[in-house]
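FYI, it's all coordinate maths here, none of it is from the lab. It should be emphasised that the depicted structure is a prediction, and the values quoted were computed from it without experimental measurement. Glycine also receives a Cβ, built like all others from the backbone with ideal geometry; neighbour counts cover every protein chain displayed.
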Amino acid sequence: MNSKILQTLIKPILIAALLIAFFPGYSQLTDREVMDRKMGRYKKDTSYIYTLPYKEGKRILLIQAANSEMSHKEELSLDFKMNKGTPICAARDGVVIETKEDSDEGGVKEEYLAKGNHIIILHSDGSKAKYWHLKKEGVVVNVGDTVTKGQVIGYSGNTGYTAFPHLHFQVVDVTGKQIMTRFYTRKGVLYPKPGNWYKAVRESR
Ligand SMILES: [Zn+2]
């Protein structure tokens, strides 16, 4: 590089350095912006907005969410605490591709892993939602059915690998990788956090 080119470059570099020094916001995200990106509240989030998987107006306590302690360390799924028999609604339109409802067994032993009644729904983008731990004969849709969000698809229970009655909700992308899901709630669109109650609404307010 000859000195002439260097000289023409030095000025803009100096100006840029000064700008960054005087406007630190340029070069650095605020704590809030970093947190928003981590939590997915970042405005460029174009991910699908799900409907909470229970009846409109119902308030449910979220026990576990992405990477929280207990059994979900490696998972991005959600555990909604539900009394047995609570109606479960589709969180998104799709086609039912798998169901199981013949089990009446559940607990925190490995032998119960395969005993969970469930529904799996395929979405138009190739992702799949899994609804787990339903009660015996608690599935009211059939494989091949088209369902629309908000439609009752089954009833919660305590079957499979589970410590208490709840709905385990999980979405995987087209490659099978678990993804985080955001929802319409009474407080706007958000990624739910454990320990909070969420009232189902059908769209943003
Ligand atoms: Zn769970």
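A few points about this structure:
- Each Lys and Arg adds +1 at its Cβ and each Asp and Glu adds -1 at its Cβ; summed about the Cα centre, region 49-199 shows a dipole of about 760 debye.
- Of Lys55/Lys109; Lys55/Lys187; Lys38/Lys187; Lys136/Lys187, those spanning more than 25 Å from alpha-carbon to alpha-carbon: Lys55/Lys109; Lys136/Lys187
- Whether region 131-188 is rounded, prolate or oblate, judged on the alpha carbon gyration tensor where a/c under 1.5 counts as rounded: rounded
- A cut-off under 15 angstrom between Cβ atoms defines the neighbours of Lys136, and their net charge, with Lys, Arg +1 and Asp, Glu -1, is -1.
- Loop-resident trypsin sites (Lys or Arg not before Pro) (DSSP state other than H, G, I, E or B) in region 79-134 with no more than 14 further Cβ atoms inside 10 Å of their Cβ: Lys109.
- Taking a ≥ b ≥ c as the square roots of the eigenvalues of the Cα gyration tensor, region 52-163 is classed as rounded, since a/c falls below 1.5.
- Loop-located GluC sites (Glu not before Pro) in region 107-205 whose Cβ has at most 11 other Cβ within 10 Å (DSSP): Glu203
- Farthest toward positive dipole pole in region 49-199 [+1 Lys/Arg, -1 Asp/Glu at C-beta], among Tyr161, Phe80, Val140: Phe80
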